[in-house]
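Computed from the coordinates by the stated procedures, all read-outs in this text should not be read as laboratory data. All values derive from a computational prediction rather than experimental measurement. Because the Cβ atoms are built from the backbone with ideal geometry, glycine has one as well, and the counts that use them run over all protein chains shown.
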Amino acid sequence: MKILKEKDGTYKVESSSRKGKFYVVDLDKGTCTCPHFVLRLRRVHGLCKHMQAVKDKTEERDSLGYGKIVDYVKEKGEVDSLKLIKRFNEEAVDDLLSRGELIEKEGRIRILE
Ligand SMILES: [Zn+2]
């Protein structure tokens, strides 16, 4: 399932039955724009498959991605930012930078001590 992260923190998830059609998932509000959610699940605060897919993706990033990146940078001391993005995942690296867990200076990434 194709999932795209938007700048405002919501996600666009592609419909499995209609290629090229995307629904907007907002996990903070607990909503999706697909008909199944709007017509049925909203009332019972249920999760549709699009919301579930986004949840799985973000949980996986938290449990697998972040720790590995931080450990890698710690071990190397300082890493070229392009190499780090190539090796791991740009979204996760960006997120760590915005959280302040990693710092980038002149194309090099290191850990905040
Ligand atoms: Zn949905």
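Here are the numbers:
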quantity	calculated
Principal-axis tilt of helix 90-99 within the chain, Cα atoms, nearest 10 degrees	70 degrees
Dipole of the chain [Lys/Arg +1, Asp/Glu -1 at C-beta], most positive-end residue of I111, S98, V44	V44
Cross-link pairs beyond the 27 Å C-alpha cut-off, checked among K5/K83; K7/K68; K21/K86; K68/K105; K29/K86; K29/K74	K21/K86; K29/K86; K29/K74
Span per principal axis, largest first, for the Cα atoms of the range 1-99 (Å)	52, 26, 20
The chain: calculated mean residue ellipticity at 222 nm from DSSP helix runs of at least 4, using -39500 (n - 2.57)	-10500 deg cm²/dmol
The range 93-113 residues near the modelled Y72 label - backbone nitrogen below 19 Å, point 7 Å along Cα→Cβ	93-112
The chain: relative contact order as a whole-number percent, Cα under 8 Å and 6+ apart	16 percent
